[in-house]
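Colleague: The structure under discussion is supplied below as structure tokens; questions concerning it will follow.
Derivation of every value follows stated rules applied to the coordinates shown; laboratory data play no part. Since the structure is predicted, the reported quantities are computational estimates derived from the model, not experimental observations. Please note: Cβ atoms are built from the backbone with ideal geometry, for glycine as well, and neighbour counts cover all protein chains shown.
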Amino acid sequence: MSTAQLDRPVPPVAKPSGGVLHRVSRLRQTSPGRLQLILAGLVALGLLTGLVAGLTTASAGAGTADLGNRAQPLLVEAETIYSALADADTTAAQAFLAGGLEPTELTRRYEDDLDRASTALTSAARRTPETGRSADAIRQLSADVSRYAALVASARANNRQGLPVGAAYLSSASTLSRESLQPQAQVLFQAAQDEVDDGYRAARSSWWTALLVLLLLALLAALVLAQRHLSRSTRRTFNVPLVVATAVTLVLALGAGGVLISQRAHLTEADTEGSWPVALLAETRIAALRERGDEALTLAARSGESALEADFDETTGRLDELLADAAEIMPDGTAAGDSVRSATQGHRNYVSAHDAVRKLDNGGDYDGAVALAIGSRTSKTFTGVTDDIGRALQNRKDVFSDEIGAAGRGLGPLTVLGPLLALLVCGLAVAGIRARLEEYR
Amino acid sequence: MRARVALAAVAALTVLAAAGCSGDSSPLPGRPSESAAPAPTNPAAPVDTSCNPRASLKPAGALPAPGRMPADSYMAVIQKRGRLVLGTSQDTLLFSSRNPFSGKVEGFDVDMGRQIAAAIFGDPDKIQIKVIAYDKRVSSAVDGSVDLVADTMTANCARWKDVNFSSIYYEAGQKVLVSSASAAKSIDDLGGKKVCAAKGSTSFDNIGKVAAKPIPVARAGFGDCLVAFQQNEVDAISTDDTILIGLAAQDPYAKVVGPRYTEEPYGMAMSNAHPEFTRFVNAVLAKNRANGTWKSTYERWLGDFGAAPQPPVAQYRD
């Protein structure tokens, strides 16, 4: 429609023989020709600006939505998978340590863990493209989770019949969990973290935004120059349609600028107050569960301090750093900050309980060590730590959702309004200049 | 299990030599040159016949009273510590396995250790069970992380180079466990089939020496072999008949077949830095053979498989 408007004044002048450059240079020599060129330039710039405004807001909107609906939830699910599997492994080992028929609450906890892992796996699969690192990890995880569940089921069936081979089944399951399931979950977690980073890049759509800013400036400049030319070459000081077009362009620039600036501010908030603490806390919870698993498996292996205890010490060091980092970015007085501080204190208590466990075991009191490790006091201390981390995590997840929701606000309307306003500018430019052109007829 | 006459010892030695001796594959402290040597699991490795693996150190006189170990002896060190550290496994049913009901590790091997603890302390409960991997049995005794290893461990010449063995407390021999539907009658019918044994055990090495060429598969322990067998990852398990009986008891679809194709005399291993401890352990074993304790221990754990045989006759090298 707009190209038709553009073309209509041209055909009487056009000659099939001449080249484009030749025709343009001929147009420049006459006053109506110059007006036609100005009109063509304004319309072209206007259309381009409308197109880019639409694309920029569409890209920023899609990026923001993808971040909020896919990448970040994928990260959260990857953490759920990892921590559920780690907790299942620990719980199974603790149930084994308890001796006799496994305690009901541990069985229930193990089943909950597996349920959580399977549910998270299903929805993570939905959020992942068919090929790539995450998809491979999810496929491997799905296959191994059912193998894992089968091994633990065999262990329990044998244990119920009093057959010691149950212990061997459990250790096969644990090996599968530690050597395949948890590493794959970690791969998924890292892939999800990369996707979140990519998601922020896509949501910011920096190249499109820069292009839009340039085009808006160029369109404004072109409108101002065209009006100066008209006021010099005619006796009229103001060309009303072009003045209105300039105003509309300014409105478009201010509107787009406002929405995009606010989107970026909320994205930054979502990143620093949401995604980053969520990733940090997720890693913290994983490290805490790893400690507990090391402790239970060391006791189950009954061979004194081994590589697992060395892993415990290493994990404790890392966990302390993670908690310190978390305390730094989540200040005192905030809900998340308080949870982190409480987790830090709880973790200190847990590590001293663990040291007591090791001391008992190393001193030959295996039964005492087991009783202390899986006893209600130590369990409560440890659960307190993971619950605190979980609370802080939930708090930061909420912050992320709020910020990402705010970031997406206004992008949808702008995707429609931007191109419409640009078309309006084109129409006004045509109206304004055609009136002058008709004076030459 | 078998009454042994002096003449038979020579024959037994030859069988054992044919079966071959091999130390554990774990690296030993202070012997770096050993680890650079070719893998001991190589079936072509020269057979070590340099000793009589059944002959241990002779007990020195009467046993000291419990709780009154001679000063400067290793028994006094153990007494001062307040517990004997026994290295064993927790998945060898009947010999040393974890009772799933009580969580305690128990069996024939564990009772052997408890009898030593009783001789030192007058209390068989003053014992700490430390579970060690099969391929760590020699190194754990050498580095002193356990006082005594009682873990269905075959006394052989290669191991004698690193540790002292007690006199023989049990005579076993290698057989094979197959699916109850299998037509195999012995290990010779399992050419090209996967046969599992614990990593670092003599059983594993022996599978590689069978002429029919079964494929040896290593797992961390025999319980893990049973898992592999039940998951159809291996076709058979081959190790000492005693261990196989314990495995077959846990799986009604498994049976133990064939004649013993090796001889596996079990001894308790300990560091050779304290010969007085070996002599002490041998004195306890000699006493328990004589007073019927050995027989009642056998009946307690292995009585379901027939009456107790005569205990193995102790042989000494000095």
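Colleague: Give me the dipole magnitude in Debye, nearest 20, for chain A about the Cα centre, with unit charges on the beta carbon: positive for Lys and Arg, negative for Asp and Glu. Numbers along the way, then the final one.
Modeller: On the way: 43 positive and 49 negative charges, 834 e Å.
It comes to approximately 4000 debye.
Colleague: Normalised by the number of residues in segment B:194-313, what is the relative contact order in percent for Cα pairs under 8 Å and 6+ residues apart? The partial results should precede the final answer.
Modeller: Working: 102 pairs, mean separation 20.2, N = 120.
It rounds to 17 percent for segment B:194-313.
Colleague: Given labels modelled 7 Å from the Cα in the Cβ direction, how far is it in nm from A:ASN69 to A:ASP398?
Modeller: Between A:ASN69 and A:ASP398, the label points sit 2.4 nm apart.
Colleague: While we're on this one: Evaluate peptide A:171-178: per residue, the Cβ atoms of other protein chains within 10 Å of its Cβ; return the mean as an integer. Intermediate results must be reported in sequence, preceding the final value.
Modeller: Values: counts 7, 7, 1, 0, 2, 0, 0, 0.
Taking the mean over all residues of the peptide, I get 2.
Colleague: For segment A:2-438, what is the relative contact order in percent, using Cα pairs closer than 8 Å and at least 6 residues apart in sequence?
Modeller: 26 percent
Colleague: Along Cα→Cβ, 7 Å out, is where each label goes; now give me the distance between the ones at A:ARG232 and A:THR272 in nm to one decimal.
Modeller: 4.8 nm
Colleague: Between B:THR49 and B:ARG300, what is the label-to-label distance in nm when each label sits 7 Å out along the Cα-to-Cβ direction?
Modeller: Reported label-point gap for B:THR49 and B:ARG300 is 4.0 nm.
Colleague: Quickly rank A:94-106, B:95-107 as a protection proxy: mean count of other C-beta atoms within 10 Å, highest first. Please report the intermediate quantities before stating the final value.
Modeller: On the way: A:94-106: 17.9, B:95-107: 20.5.
The peptides rank, most packed first, as B:95-107, A:94-106.
Colleague: Taking neighbour Cβ counts within 10 Å as the exposure measure, how do A:ASP313, B:ASP162, A:ASP325, A:ASP361 sort from fewest upward?
Modeller: Numbers: A:ASP313 14, B:ASP162 20, A:ASP325 17, A:ASP361 25.
Final ranking by Cβ density, sparse to dense: A:ASP313, A:ASP325, B:ASP162, A:ASP361.
Colleague: Going by average Cβ density within 10 Å per residue, which order do the peptides B:164-175, A:299-310, A:397-408 take, highest to lowest? List each step's numbers first, then the result.
Modeller: Working: B:164-175: 24.5, A:299-310: 17.3, A:397-408: 19.6.
Result, highest mean Cβ count within 10 Å first: B:164-175, A:397-408, A:299-310.
Colleague: With r defined as the distance between the Cβ atoms of A:ALA62 and A:LEU254 and R0 fixed at 41 Å, what FRET efficiency is calculated, to the nearest 0.05?
Modeller: 0.95
Colleague: Fully extended, how many nm does the chain gain between A:VAL24 and A:GLU111 (0.36 nm per residue separation, minus their Cα-Cα distance)? Walk me through the numbers before you get to the answer.
Modeller: Working: separation 87, 0.36 × 87 = 31.32 nm, distance 7.75 nm.
Length gained between A:VAL24 and A:GLU111: 23.6 nm.
Colleague: If you don't mind, another one. Under 21 Å Cα-Cα from B:LYS295, which lysines qualify once same-chain neighbours fewer than 8 residues away are excluded?
Modeller: B:LYS287
Colleague: Another one. If r is the Cβ-Cβ distance from A:LYS359 to A:THR131 and R0 is 60 Å, what FRET efficiency results, to the nearest 0.05? Mind showing how you got there, number by number?
Modeller: On the way: r = 51 Å, r/R0 = 0.85.
With R0 = 60 Å, the Cβ-Cβ based efficiency is 0.70.
Colleague: Still on this structure, please answer the following. For B:89-96, what's the mean count of beta carbons from other chains sitting within 10 Å of each residue's beta carbon?
Modeller: Values: counts 3, 8, 6, 1, 3, 1, 0, 1.
Per-residue shielding by partner chains comes out at 3.
Colleague: Using modelled backbone amide H atoms (1.01 Å from N, in-plane), which distant-in-sequence or interchain residues come within less than 5 Å of B:MET153's amide H?
Modeller: B:GLY267
Colleague: What order, most packed first, do the peptides A:228-241, B:258-271, A:29-42, A:191-204 have when packing is the mean number of other Cβ atoms within 10 Å of each residue?
Modeller: Details: A:228-241: 12.9, B:258-271: 23.2, A:29-42: 16.9, A:191-204: 20.3.
Averaged packing, sorted descending, gives the order B:258-271, A:191-204, A:29-42, A:228-241.
Colleague: Answer with one residue from A:GLY19, A:LEU163, B:TYR253: the one whose Cα lies farthest towards the positive end of the charge dipole of the protein assembly as shown, charges on Cβ with Lys, Arg +1 and Asp, Glu -1.
Modeller: A:GLY19
Colleague: Inside 10 Å of the C-beta atoms of A:149-162, what's the mean count of C-beta atoms belonging to other chains? Please list the in-between numbers first.
Modeller: On the way: counts 0, 1, 2, 0, 0, 3, 2, 0, 0, 7, 2, 1, 2, 4.
The per-residue average across the peptide is 2.
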